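**Student:** Before I ask anything, here is the structure I am working with.
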Amino acid sequence: MNAKGKTSIKENRSRITASTLMRLAGVSAMVTGLSIIVIGMFHPLNISSSVTTATWVNVHILATALGFFGLFGMVGLYVRQVEETGWLGLAGFLLFTVWMTLVCGFSFVEAFIEPSLMTESPAFVSSLMGMFTSMPSQIDLGILPTLWNISGLLIILGPLLFGIATFRARVLPRWAGGLLALVAVLVPVGGMVPPEYQAKLIMIPLGLALAWLGYALFVERREKATERVSASSINPEPGKVA
């Protein structure tokens, strides 16, 4: 096999690897979206008595995991339309991923630390619950309330900007981007409904939008990879013949 044939094979392997990564990013976005839907459906009320329940722990383990899946998925969704979304897409991507990072950190504490603190320091847990529900805190929580308030702004601005950029880019499904942007409206509306419906109102549309975008990315890259393989089998390059 000549040098040209070897170079061609290396390039083809590189293309397949990039396509595989994009498909995996699509799967990650789908997993993230479905996880957010489950969290929205089953998240317990933010009260101290919920902290020691299995539902509380399981929901926040899932929320911790989605932080990792979400970051990889968002990278794929952004890279796929990076040229078309411009600065608006970049801003939305950064804000959205920072929100996911903060949620991952808070969820880790809620899943693995808070339950054990219920017996050792119930006042601290009560103060954390008060932070989530905007109640006065009995204990100085340091920077945590500030980070929580920042995350509230990020969940509005991140999906809004990234959703609008996706809608305008016309690369991934436009209405999935529109649904993502709608979350920015639902967040303040959530403050006006009973607590048991707040997570459902916000998280389910958010999860649906991400799962939709992830599925579109996965299917698109799979179809393109199939087309390339078919084309190469029908018209093999001369350099690939030994």
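The values are calculated or read from the model by the stated rules, or taken from the named source; none is laboratory data. Predicted model, so just to flag it, every value in this text is computed and none were measured. Ideal geometry is used to build each Cβ from the backbone, glycine not excepted, and the neighbour counts take in all protein chains shown. Side chains are part of the model used for accessible areas, which takes the heavy atoms of the whole protein and leaves out ligands, DNA and RNA. Shrake-Rupley method; radii C 1.70, N 1.55, O 1.52, S 1.80 Å.
**Student:** Within region 218-225, can one find any residue that is of a type outside the set (D, E, K, R), at pLDDT below 90 and part of a helix (DSSP H, G or I)?
**Tutor:** Checked against the condition, which is being of a type outside the set (D, E, K, R), at pLDDT below 90 and part of a helix (DSSP H, G or I), region 218-225 yields at least one hit.
**Student:** Across region 156-200, what is the total count of residues that are more than 27 Å from Val79 (Cα to Cα) and either open to solvent by 50 Å² or more (accessible area, probe 1.4 Å) or free of Cβ contacts under 8 Å to residues at least 12 places away in the same chain (or both)?
**Tutor:** Counting residues in region 156-200 that are more than 27 Å from Val79 (Cα to Cα) and either open to solvent by 50 Å² or more (accessible area, probe 1.4 Å) or free of Cβ contacts under 8 Å to residues at least 12 places away in the same chain (or both) gives 11.
**Student:** Now, a different point. Only residues that are part of a helix (DSSP H, G or I) and either in contact (Cβ under 8 Å) with a residue 12 or more places away in the chain or among the polar types (S, T, N, Q) (or both): list them for region 118-139, please.
**Tutor:** Hits for region 118-139 are Met118, Thr119, Pro122, Ala123, Phe124, Val125, Ser126, Ser127, Leu128, Met129, Met131, Phe132.
**Student:** Testing Met74 on (1) open to solvent by less than 50 Å² (accessible area, probe 1.4 Å); (2) closer than 30 Å to Met129 by Cβ; (3) of a type in the set (A, V, I, L, M); (4) modelled with pLDDT under 95, one condition comes back false. Which one is that?
**Tutor:** Every condition holds for Met74 apart from (4).
**Student:** With the requirement that a residue be part of a helix (DSSP H, G or I), open to solvent by less than 40 Å² (accessible area, probe 1.4 Å) and free of Cβ contacts under 8 Å to residues at least 60 places away in the same chain, what does region 26-71 give you?
**Tutor:** Of everything in region 26-71, those that are part of a helix (DSSP H, G or I), open to solvent by less than 40 Å² (accessible area, probe 1.4 Å) and free of Cβ contacts under 8 Å to residues at least 60 places away in the same chain turn out to be Ser50, Trp56, Val57, Val59, His60, Ala63, Thr64, Ala65, Leu66, Gly67.
**Student:** Something else: Can you confirm whether Ser107 is among the small types (Gly, Ala, Ser), closer than 21 Å to Thr64 by Cβ and in a helix (DSSP H, G or I)?
**Tutor:** yes
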